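Undergrad: Please read through the structure below; I'll follow up with questions.
The values are calculated or read from the model by the stated rules, or taken from the named source; none is laboratory data. As the structure is a prediction and not an experimental result, all values here were calculated from the model. Don't worry about glycine lacking a Cβ; one is built from the backbone with ideal geometry, like all the others, and counts go over all protein chains shown. The area values use the complete protein model at the heavy-atom level, side chains included, leaving out ligands, DNA and RNA. Shrake-Rupley method; radii C 1.70, N 1.55, O 1.52, S 1.80 Å.
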4 protein chains.
Amino acid sequence: MFVTPYDVRFADVDNAGIFYYPRFFHAFHVAMEQWWDSIGRPYHVVIQEDKIGFPAVHIDSDFKIPVTFGDPVDIHVGIARIGTTSVTIRYRFVNRETNKVHCQADVVTACVNMDTFRPTPPPPHIRAALESILIRDDA
Amino acid sequence: MFVTPYDVRFADVDNAGIFYYPRFFHAFHVAMEQWWDSIGRPYHVVIQEDKIGFPAVHIDSDFKIPVTFGDPVDIHVGIARIGTTSVTIRYRFVNRETNKVHCQADVVTACVNMDTFRPTPPPPHIRAALESILIRDDA
Amino acid sequence: MFVTPYDVRFADVDNAGIFYYPRFFHAFHVAMEQWWDSIGRPYHVVIQEDKIGFPAVHIDSDFKIPVTFGDPVDIHVGIARIGTTSVTIRYRFVNRETNKVHCQADVVTACVNMDTFRPTPPPPHIRAALESILIRDDA
Amino acid sequence: MFVTPYDVRFADVDNAGIFYYPRFFHAFHVAMEQWWDSIGRPYHVVIQEDKIGFPAVHIDSDFKIPVTFGDPVDIHVGIARIGTTSVTIRYRFVNRETNKVHCQADVVTACVNMDTFRPTPPPPHIRAALESILIRDDA
């Protein structure tokens, strides 16, 4: 899986002192964009030149340990499944010191053509990229 | 279920012209707060005086029809289940004109004491409030 | 000025217990969109059919009294100035009980054609709308 | 000034294809937090151990060139002025390729004690940190 450090920010944490859960999904999305950056195909190129996007279709997510301001966390991004026109992205918020998983999400996305917004199989170079972080065993 | 109109805002919609999905969860949370307001027990009173909060533990969510800028939508909020120390909140984004469900989410929350952040059964007045929007049949 | 109630939300308030200031500007923008709604010309129609938008060019803003969770506030929206191709929108966060101004902002915007993103004089029906909340004396 | 790369994210850009301006202030705040990280005194330590915070009091900001998805930008953070109990933080969004300034903001903050929320002079180690990025000439 792709791993990127995430610094919990002042505005991530709510009045109860813990990470406001809707913001996890934004953090996950940004981590996915960072992965595209890391392989030399930034997400804006995927969207604008490849005309490929990945709108979410289904989310299954667990929040196990609250995240607080200053927690040393990494976001892990992997691909759990590649279907004909769907891609399941697996995200984890992992504590760098304890190695415990704060939360995780499986986001099933449709692979769509951005002009028509209709499902389409990922083009070969996109598919190869996704396969490079495919989780072989259910880890 | 509690129903509140939601006006899709300029900043909700992303560069692809559709609602950015992490923002649905914020919209849902705000709708839940509006429900507390509507029954005369604003969420800040629940949090600060009742010392009760509902952090998310598990989310199961479907996105069926993209939401675009200007779509006439309502958010529906109901309670799908009340356990000993857990509450499952059901949310729907419903088109006012077509009556179609754009997306829905079941958010399992823990009922916690805000001082200790430990699970606690909802106090009677909170439980009664939750029961007032309990979904009797799986609708 | 146009006045709309604003319910301070759980996620607006940061770990220090006060409104996170970048979110004021979003709240102001939403209030402006609500004003367009209120006059029967929703902002998505202005953007998509009139092809007119108002990107910010300059902001001058004061934060006087912190806003906390549960504060009863209204947002006031008026037009401070209409230039040839610019419009200055004045926003205020006002406490409904004390009538005190928590914060205010003058946002100078360019009136632009959304296809070319070039400055353009507001078309007559847009100008008339803006004039309906023009602040005659500096209030 | 402290310089940190900022990757424009999918959700930063609105339906008109440009950076939604309220999100600049969040990006600036995060850059300020990154600066605290970079000098080994993370902002959560400043807030929670030093009991010092910097709520915004006044903002003066210019938006000159729209920022679009994929633009190669840096955020520059410096201190424009240190008063007795106030600190003016200067932010710039600078294009890495053209060196042009997309937008800038001077954010006057109060230095406050986080327990009392009353103005206080910055303690010596905080003042020394701020002076390390003091802008000597108006650059």
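Undergrad: Just to check your reading of the model, which residue among B:Val77, B:Val45 is in contact with a helix residue (DSSP H, G or I) (Cβ under 9 Å, 6 or more places away or on another chain), β-branched (Val, Ile, Thr) and free of Cβ contacts under 8 Å to residues at least 24 places away in the same chain?
TA: B:Val45
Undergrad: Of (1) among the hydrophobic types (A, V, I, L, M, F, W, C); (2) closer than 27 Å to B:Gly17 by Cβ; (3) in contact with a helix residue (DSSP H, G or I) (Cβ under 9 Å, 6 or more places away or on another chain), C:Ile82 satisfies all except one. Which?
TA: C:Ile82 satisfies all of (1) among the hydrophobic types (A, V, I, L, M, F, W, C); (2) closer than 27 Å to B:Gly17 by Cβ; (3) in contact with a helix residue (DSSP H, G or I) (Cβ under 9 Å, 6 or more places away or on another chain) except (2).
Undergrad: When you look at C:Ser61, is it buried (at least 22 other Cβ atoms within 10 Å of the Cβ), of a type in the set (Ser, Thr, Tyr) and closer than 30 Å to B:Tyr43 by Cβ, yes or no?
TA: Criteria met by C:Ser61.
Undergrad: For segment C:83-131, name all the residues that are within 20 Å of C:Gln34 (Cβ to Cβ), in a strand (DSSP E or B) and β-branched (Val, Ile, Thr).
TA: Those that are within 20 Å of C:Gln34 (Cβ to Cβ), in a strand (DSSP E or B) and β-branched (Val, Ile, Thr): C:Val87, C:Thr88, C:Ile89, C:Val94, C:Val101, C:Val107, C:Thr109.
Undergrad: Here is a list: A:Val87, A:Val112. Which entry is touching a Gly at 6+ places or on another chain (Cβ under 7 Å) and more than 23 Å from D:Val45 (Cβ to Cβ)?
TA: Result: A:Val112 is the single residue among A:Val87, A:Val112 that is touching a Gly at 6+ places or on another chain (Cβ under 7 Å) and more than 23 Å from D:Val45 (Cβ to Cβ).
Undergrad: Let me ask something additional. For segment C:5-33, name all the residues that are under 15 Å from B:Tyr6 (Cα atoms) and among the β-branched types (Val, Ile, Thr).
TA: Result: C:Val30, single match.
Undergrad: Kindly check whether there is at least one residue in segment B:2-19 that is within 27 Å of C:Ala31 (Cα to Cα), more than 10 Å from every other protein chain (Cβ to nearest Cβ), open to solvent by 10 Å² or more (accessible area, probe 1.4 Å) and aromatic (Phe, Trp, Tyr).
TA: Scanning segment B:2-19 turns up at least one residue that is within 27 Å of C:Ala31 (Cα to Cα), more than 10 Å from every other protein chain (Cβ to nearest Cβ), open to solvent by 10 Å² or more (accessible area, probe 1.4 Å) and aromatic (Phe, Trp, Tyr).
Undergrad: Taking only segment B:21-44 into account, find how many residues are part of a loop (DSSP other than H, G, I, E, B), surrounded by fewer than 22 Cβ atoms within 10 Å (Cβ to Cβ) and within 14 Å of chain A (Cβ to nearest Cβ).
TA: Matching residues across segment B:21-44 total 1.
Undergrad: Within segment D:93-105, which residues are open to solvent by less than 40 Å² (accessible area, probe 1.4 Å) and within 11 Å of the chain's Cα centre (by Cα)?
TA: Selection gives D:Phe93, D:Ala105.
Undergrad: Still on this model: Answer yes if at least one residue in segment A:46-53 is farther than 26 Å from B:Gly53 by Cβ, of a type in the set (Asp, Glu) and either buried (at least 18 other Cβ atoms within 10 Å of the Cβ) or within 14 Å of chain D (Cβ to nearest Cβ) (or both), and no otherwise.
TA: Yes, some residue in segment A:46-53 is farther than 26 Å from B:Gly53 by Cβ, of a type in the set (Asp, Glu) and either buried (at least 18 other Cβ atoms within 10 Å of the Cβ) or within 14 Å of chain D (Cβ to nearest Cβ) (or both).
Undergrad: A follow-up question, please. Collect the residues in segment A:29-53 that are hydrophobic (A, V, I, L, M, F, W, C) and out of contact with any Pro (no Cβ under 8 Å at 6 or more places or on another chain), keeping them in residue-number order.
TA: Result: A:Val30, A:Ala31, A:Met32, A:Trp35, A:Ile39, A:Val45, A:Val46, A:Ile47.
Undergrad: Would you say D:Asp71 is open to solvent by 20 Å² or more (accessible area, probe 1.4 Å) and within 14 Å of chain A (Cβ to nearest Cβ)?
TA: In short, yes.
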